[in-house]
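The structure appears below as structure tokens.
The values are calculated or read from the model by the stated rules, or taken from the named source; none is laboratory data. The model shown is predicted, which means the values in this text are computed figures rather than measured ones. Cβ sites come from the backbone with ideal geometry, for glycine too, and all protein chains shown count toward neighbours.
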């Protein structure tokens with residue numbers, strides 16, 4: 001099995017943190033989280049390799065640093081996240097790699113043990129099979145494992161979990177969802193970042209070392225804590241107590 005890590009150009013990432021972090025700080029956070037994930041993936045013995053797919057020039061240097069492979073998104077003959085991942089899968093299929101794990105780059109708390117356990121659990125399903133790890137809100141897909149390559153259309157984006165579930169059910173593929181807390185915890189909003197800082201304080205220092213060091217450079221105590229308000233069908237929205 002190979003892992004595929006897609007990420008967008010770092011200077012455009014994490015726009016929902018714009019009221020909390022400067023553009024330079026958002027770039028630094030994204031880079032720190034990706035490095036933590038790549039470092040973790042390198043320690044998972046059940047993975048034969050990792051393919052990074054990105055439109056960021058830093059992807060090649062990251063691949064070299066961690067002994068991985070990178071392809072530029074402009075080589076993928078199309079636009080968009082799903083197209084880029086499909087191209088990565090096609091590249092792997094061409095060298096007889098059909099088992100893949102697609103995992104996003106903003107999951108700093110993932111450990112090698114978490115991923116090894118997830119892969120082992122998935123492989124017990126046989127083939128073709130699909131494992132989905134949702135986000136905490138049960139709407140997005142933070143990680144997808146497939147033992148038949150491109151068995152279903154990839155639907156990453158808004159409400160991707162429901163769309164992946166429907167696609168798998170329509171094709172009769174063996175399916176499971178895994179509620180793995182560290183993989184479900186992605187970083188999108190100011191509340192996520194503040195919670196991450198708090199959680200890391202009680203965790204082993206081997207978890208997310210790059211992200212820890214980056215967070216230590218920020219004075220988060222001086223940033224207003226986000227508040228929550230009702231927001232239609234999804235229940236809550238996040239904002240600040242003061243205007244920035």
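Tabulated values for the structure
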{"item": "Any hit, the range 176-188, residues being at pLDDT below 90 and under 18 Å from the mean Cα position of the chain (by Cα)", "result": "yes"}
{"item": "The range 139-148 - residue that is touching a strand residue (DSSP E or B) at 6+ places or on another chain (Cβ under 9 Å) and over 11 Å from residue 102 (Cβ atoms) and, of those, surrounded by the fewest Cβ atoms within 10 Å (Cβ to Cβ)", "result": "148"}
{"item": "Pairs where the first residue, in the range 158-177, is at positive phi and surrounded by fewer than 18 Cβ atoms within 10 Å (Cβ to Cβ) and the second is at pLDDT below 90 and in a helix (DSSP H, G or I), C-beta under 9 Å, 6+ apart", "result": "none"}
{"item": "Condition met for residue 101 (buried (at least 16 other Cβ atoms within 10 Å of the Cβ), in contact (Cβ under 8 Å) with a residue 60 or more places away in the chain and over 17 Å from the mean Cα position of the chain (by Cα))", "result": "no"}
{"item": "Single residue of the range 195-244 satisfying the filter (touching a strand residue (DSSP E or B) at 6+ places or on another chain (Cβ under 7 Å) and surrounded by 15 or more Cβ atoms within 10 Å (Cβ to Cβ)) that is modelled with the lowest pLDDT", "result": "239"}
